[in-house]
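K.L.:
I'd like to ask some things about the structure below.
The values are calculated or read from the model by the stated rules, or taken from the named source; none is laboratory data. Computed from a predicted model, the values in this text were never measured in an experiment. Note that each Cβ is placed from the backbone with ideal geometry, even for glycine, and that neighbours are counted across all protein chains shown. Please note that ligands, DNA and RNA were not included when accessible areas were found on the heavy atoms of the full protein model with its side chains. Shrake-Rupley method; radii C 1.70, N 1.55, O 1.52, S 1.80 Å.
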Amino acid sequence: MPSSPRRLVTELRLPVRTGDGREMSNLNWKPFVYGGLASVTAEFGTFPIDLTKTRLQVQGQLIDSRYKEIKYRGMLHALLKICKEEGLRALYSGISPALLRQASYGTIKIGTYQSLKRLFVSCPQDETLLVNVLCGILAGVVSSSIANPTDVLKIRMQAQSGLCQGSMIGNFINIYQQEGTRGLWRGVSLTAQRAAIVVGVELPVYDITKKHIILSGLMGDTVYTHFLSSFTCGLAGALASNPVDVVRTRMMNQKVLSGTHVIYKGTLDGLLQTWRTEGFLALYKGFWPNWLRLGPWNIIFFITYEQLRKIPV
């Protein structure tokens with residue numbers, strides 16, 4: 001049996017209106033702070049999977065001799081081989097810029113998304129898929145563009161062997177000295193495009209799935225609803241973003257120095273070159289670790305975020 005309007009308002013966490021029609025909205029800072037904290041928690045819990053995804057995506061490039069060799073046969077093999085050859089700590093290579101990225105990217109992304117939704121629709125029960133997708137795309141582009149240097153650092157450190165890897169600051173200085181400011185924003189267009197796809201799919205899918213589960217009366221606003229909704233949005237995000245993620249990873253990992261040949265010149269060029277030289281399925285390299293990361297990442301993130309929202313502040 002469907003929930004009553006009063007119960008639905010409570011479960012969807014709709015804003016309460018006073019007798020004269022004024023809306024008693026939550027403080028605007030909460031989505032930013034809670035989004036950042038939940039993002040850092042989820043990133044730390046799933047980082048080893050993300051590292052294997054990066055290693056799988058950069059290997060087997062016929063047009064880049066540094067990564068021509070195929071060392072890993074799959075996610076599990078990569079995890080075991082990295083542990084054996086480089087040590088357990090190597091699974092967290094690049095964790096510092098990754099956490100820094102989530103502290104900035106995650107904070108801006110969730111805060112901007114929630115704020116934009118309230119600009120378009122004053123009451124959450126009136127939200128539509130189109131509005132949520134638009135807000136997700138805008139939030140993804142803005143947040144990822146600002147946090148791009150930390151993404152470049154993370155990918156460079158993940159792609160390196162743990163035996164020859166420097167510190168986060170050392171890598172940052174090295175990129176800046178050799179490639180300039182543009183090196184820190186390398187692949188920013190791809191990052192923004194991927195973020196637009198991921199955020200434009202994941203957050204709206206989560207919101208709509210959660211809304212319909214609650215409206216159906218099957219479950220209330222419980223941790224089980226959050227789990228099912230986050231699992232669904234993680235799968236949708238992985239399917240939509242993987243091809244762009246492969247090209248983005250390769251573009252960020254390539255070093256562009258004076259006098260050297262640029263392998264991938266842009267998104268379309270990277271997609272076409274990868275497809276032409278390695279086949280269509282190469283665009284889904286690292287899909288399983290990508291999904292196995294996005295799935296648990298979203299589950300940890302949304303459950304943490306929803307629990308933080310319940311704190312009476």
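K.L.:
Please find, among L163, L100, the residue that is at pLDDT below 90 and more than 19 Å from S39 (Cβ to Cβ).
P.N.:
L163
K.L.:
Does segment 261-285 hold any residues that are in a helix (DSSP H, G or I) and open to solvent by 80 Å² or more (accessible area, probe 1.4 Å), and which are they?
P.N.:
L268, L272, W275, R276, F280, L281
K.L.:
Further question on the same structure: So which residues in segment 101-134 are without any contact (Cβ under 8 Å) to a residue 60 or more places away in the chain, within 20 Å of K30 (Cα to Cα) and of a type in the set (A, V, I, L, M, F, W, C), if there are any at all?
P.N.:
L116, L119, F120, V121
K.L.:
If you don't mind, there's one more thing I want to ask. For A236, work out the one condition from (1) within 30 Å of G180 (Cα to Cα); (2) open to solvent by less than 60 Å² (accessible area, probe 1.4 Å) it doesn't fulfil.
P.N.:
So the condition that A236 fails would be (1).
K.L.:
Also, quick follow-up: Given L79, L119, which one is closer than 27 Å to F287 by Cβ and either assigned to a helix (DSSP H, G or I) or modelled with pLDDT under 95 (or both)? Full working, then the answer.
P.N.:
Working: L119 fails: closer than 27 Å to F287 by Cβ.
Unique residue meeting the criteria: L79.
K.L.:
Starting from residues that are over 22 Å from the mean Cα position of the chain (by Cα) and of a type in the set (G, A, S), keep the ones in segment 40-87 and report whichever is surrounded by the most Cβ atoms within 10 Å (Cβ to Cβ).
P.N.:
Within segment 40-87, the first condition is being over 22 Å from the mean Cα position of the chain (by Cα), and the residues that meet it are 60-73, 77, 80-87.
Checking the rest, the ones that are also of a type in the set (G, A, S) come to 60, 65, 87.
Values: G60: 17, S65: 8, G87: 12.
Only one residue tops the list, namely G60.
K.L.:
For segment 104-131, what are the residues that are open to solvent by less than 20 Å² (accessible area, probe 1.4 Å) and under 23 Å from the mean Cα position of the chain (by Cα)?
P.N.:
Scanning segment 104-131 gives Y105, G106, K109, I110, G111, Y113, K117.
K.L.:
Another question about this same structure. Can we say L37 is open to solvent by 40 Å² or more (accessible area, probe 1.4 Å), modelled with pLDDT of 85 or more, under 25 Å from W288 (Cα atoms) and of a type in the set (A, V, I, L, M, F, W, C)? Talk me through it step by step, then tell me what you get.
P.N.:
Values: open to solvent by 40 Å² or more (accessible area, probe 1.4 Å): yes; modelled with pLDDT of 85 or more: yes; under 25 Å from W288 (Cα atoms): no; of a type in the set (A, V, I, L, M, F, W, C): yes.
No: the conditions fail for L37.
K.L.:
Still on this structure, I have one more. Does L134 fit the bill of being open to solvent by 50 Å² or more (accessible area, probe 1.4 Å), touching a Phe, Trp or Tyr at 6+ places or on another chain (Cβ under 9 Å) and either assigned to a helix (DSSP H, G or I) or of a type in the set (S, T, N, Q) (or both)?
P.N.:
yes
K.L.:
What do you reckon, is K255 charged (D, E, K, R) and at pLDDT below 90? First the steps, then the outcome.
P.N.:
On the way: charged (D, E, K, R): yes; at pLDDT below 90: yes.
Spelling it out, K255 is indeed charged (D, E, K, R) and at pLDDT below 90.
K.L.:
Quick one: would you say W288 is modelled with pLDDT under 85 and either small (G, A, S) or open to solvent by 50 Å² or more (accessible area, probe 1.4 Å) (or both)? Let's see the steps before the verdict.
P.N.:
Details: modelled with pLDDT under 85: yes; either small (G, A, S) or open to solvent by 50 Å² or more (accessible area, probe 1.4 Å) (or both): yes.
So W288 fits the description; yes.
K.L.:
Taking segment 1-34 as the region of interest, how many residues are open to solvent by 60 Å² or more (accessible area, probe 1.4 Å), modelled with pLDDT of 50 or more and either hydroxyl-bearing (S, T, Y) or outside any helix (DSSP H, G or I) (or both)? Walk me through it before giving the result.
P.N.:
Here is the first cut: in segment 1-34, the ones open to solvent by 60 Å² or more (accessible area, probe 1.4 Å) are 1-2, 5-7, 10, 13, 16-17, 19-20, 22-29, 32-33.
Still in the running and modelled with pLDDT of 50 or more: 28-29, 32-33.
Imposing the further condition that a residue be either hydroxyl-bearing (S, T, Y) or outside any helix (DSSP H, G or I) (or both) reduces the set to 28.
Selection size over segment 1-34: 1.
K.L.:
Run down V205, V201 and say which single residue is open to solvent by 20 Å² or more (accessible area, probe 1.4 Å), of a type in the set (A, V, I, L, M, F, W, C) and in contact (Cβ under 8 Å) with a residue 40 or more places away in the chain. Working first, answer last.
P.N.:
On the way: V205 fails: in contact (Cβ under 8 Å) with a residue 40 or more places away in the chain.
After ruling out the rest, the residue left standing is V201.
K.L.:
Are there any pairs, at least 6 apart or on different chains, whose C-beta atoms fall under 9 Å, with the first in segment 263-287 and charged (D, E, K, R) and the second open to solvent by less than 70 Å² (accessible area, probe 1.4 Å) and not in a helix (DSSP H, G or I), and if so, which?
P.N.:
Taking only residues 6 or more apart or on different chains, the pairs are E278/G60; E278/Q61; E278/K285; K285/Q59; K285/G60.
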